[in-house]
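Novice: The structure is given below, and queries will be raised subsequently.
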Amino acid sequence: MVTAAPTLPRAPAVRHLGPNWYASVMGTAIVATAGAGLPVPRPLCTAVWALSALLLAALLAARALHWVHHRDQARAHLMDPATAPFYGCLAMALLAVGGGALAVGRDWIGIGAAVALDVVLFTAGTAVGLAAAVTVPYLMAVRHRVEPRQATPVWLLPLVAPMVSAALGPSLVPYLPAGQARTTLLLACVALFGLSLLATLLMLPLVFARLITTGPLPLALTPTLFLVLGPLGQSTTAVGNFADHAPGVVPAPYSEGFDVLAVLYGVPVMGFALLWLGLATAHGVRARRQGMRFAMTWWAFTFPVGTCVTGAESLARHTGLVVYDGLAAVLYAVLVTAWLTATVCTARGLRTGALLAGPGPARLSGALPAGPRPARPAPRSETGRTRSGAGR
């Protein structure tokens, strides 16, 4: 008698668990690392980092189940232009937890384990980030069917991931052998900085043009406007970290140049970040008044703001201006408030099962505003007149 082999459970709870959930790991980790540069109790920062590490482990396991048992849904996510960009969040979650291990986690796990963990997560995160930065735009061009009016800040996610590598990589420089290894890593981070910055400069005009010409984003997508702060704050953090670790790694003229770059680049970019923060906040207040409810997009209020905190901390170090210390403290208060709100609402959604349920009739990610599409203009003949005879 032949007995059928037991089948693994289908894990229905993770069928609709998308890559956007990694944003909760990013938002939690940045609370810890940004707090390390402020007078925040060190054990509290370490505890928050430990929570982010646990969240990362849980999500990696859940997403593995998703790919094993719901491969059709996983492929659908890759083929969806509204969901595919969130694969950049996987890279940034790995990088954020790894960087946090070296910044605050070493207080509990020791410096040796922290360096080893950061090396593994930095390497994996950078590889995934580079893959996402190439693959997602390629799919959008070749397989996805997108229109200019569908552009959202979510499109920036795979392009920002290499910037996170650029900002966190310099922290590993002192733990490498002196000479070629240190210089190679530092300049590789500079290359990642340039890659991400130029790609962002190509994509951001599409997002801004869509916002101005088509109108506000759908309510559920309004929080994603804060994603634009990510490349701004993270690039300011990156140039500051280049300047911190360049002495003794690159020749003196270049190390001094990094000091200059940290200020001459960071100050104007932080100014633009504050402008965008005001614009995004105004849109958020409007959306809330119109009935915007909690969605996982609310995690966009956390990590991007956290990068502005670390960027302001960097400017405080390199300019010596107290105003940047004050700015970092104010932004950190905003970050903690946003993180607590998103955490409580996410926990409530998990308890009720609402966040893991299938999508409703209206898609919340990448959907166009409700309402009829504008009518297409009548085709024109070679003489310039419409075929219906209009325009005579």
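The values are calculated or read from the model by the stated rules, or taken from the named source; none is laboratory data. A quick note: this is a predicted structure, and the numbers were derived from the prediction, not measured. Please note: Cβ atoms are built from the backbone with ideal geometry, for glycine as well, and neighbour counts cover all protein chains shown. Keep in mind that these areas ignore ligands, DNA and RNA; they rest on the heavy atoms of the full protein, side chains included. Shrake-Rupley method; radii C 1.70, N 1.55, O 1.52, S 1.80 Å.
Novice: Among the listed residues Ala295, Ala243, Ala312, Ala280, identify the single one that is buried (at least 24 other Cβ atoms within 10 Å of the Cβ), out of contact with any strand residue (DSSP E or B) (no Cβ under 7 Å at 6 or more places or on another chain) and either farther than 30 Å from Cys345 by Cβ or not β-branched (Val, Ile, Thr) (or both).
Specialist: Ala312
Novice: Let me ask something additional. Regarding Thr310, is this residue assigned to a helix (DSSP H, G or I), in contact with a Pro (Cβ under 6 Å, 6 or more places away or on another chain), in contact (Cβ under 8 Å) with a residue 60 or more places away in the chain and not hydrophobic (A, V, I, L, M, F, W, C)?
Specialist: Taking the combined requirement at face value, the residue does not satisfy it.
Novice: Applying the selection to segment 61-85, what residues are within 30 Å of Leu331 (Cα to Cα) and either surrounded by fewer than 17 Cβ atoms within 10 Å (Cβ to Cβ) or among the hydroxyl-bearing types (Ser, Thr, Tyr) (or both)? Explain how you work it out, then say what you get.
Specialist: Keep residues of segment 61-85 that are within 30 Å of Leu331 (Cα to Cα), which gives 82-85.
The answer is Thr83, and nothing else.
Novice: Mind listing whichever residues of segment 64-88 are over 24 Å from Pro148 (Cβ atoms) and assigned to a helix (DSSP H, G or I)?
Specialist: Start the filter on segment 64-88 by keeping residues that are over 24 Å from Pro148 (Cβ atoms), which leaves 64-75.
Of everything in segment 64-88, those that are over 24 Å from Pro148 (Cβ atoms) and assigned to a helix (DSSP H, G or I) turn out to be Ala64, Leu65, His66, Trp67, Val68, His69, Arg71, Asp72, Gln73, Ala74, Arg75.
Novice: Return the pair list, or none, for Cβ contacts closer than 6 Å from residues in segment 130-149 that are in contact (Cβ under 8 Å) with a residue 24 or more places away in the chain and open to solvent by less than 50 Å² (accessible area, probe 1.4 Å) to residues that are assigned to a helix (DSSP H, G or I) and hydroxyl-bearing (Ser, Thr, Tyr), at least 6 apart or on different chains.
Specialist: Within 6 Å, the pairs are Ala132/Tyr87.
Novice: Tell me, which residue of segment 256-303 that is within 22 Å of Val25 (Cα to Cα) and among the aromatic types (Phe, Trp, Tyr) is nearest to the chain's Cα centre (by Cα)?
Specialist: In this case the residue turns out to be Phe303.
Novice: Which residue pairs have Cβ atoms under 7 Å apart, sit 6 or more places apart or on different chains, and have a first residue in segment 236-258 that is free of Cβ contacts under 8 Å to residues at least 40 places away in the same chain and farther than 18 Å from Ala316 by Cα and a second that is aliphatic (A, V, I, L, M) and open to solvent by less than 40 Å² (accessible area, probe 1.4 Å)?
Specialist: Note: pairs meeting the criteria are Tyr254/Ala246; Ser255/Ala246.
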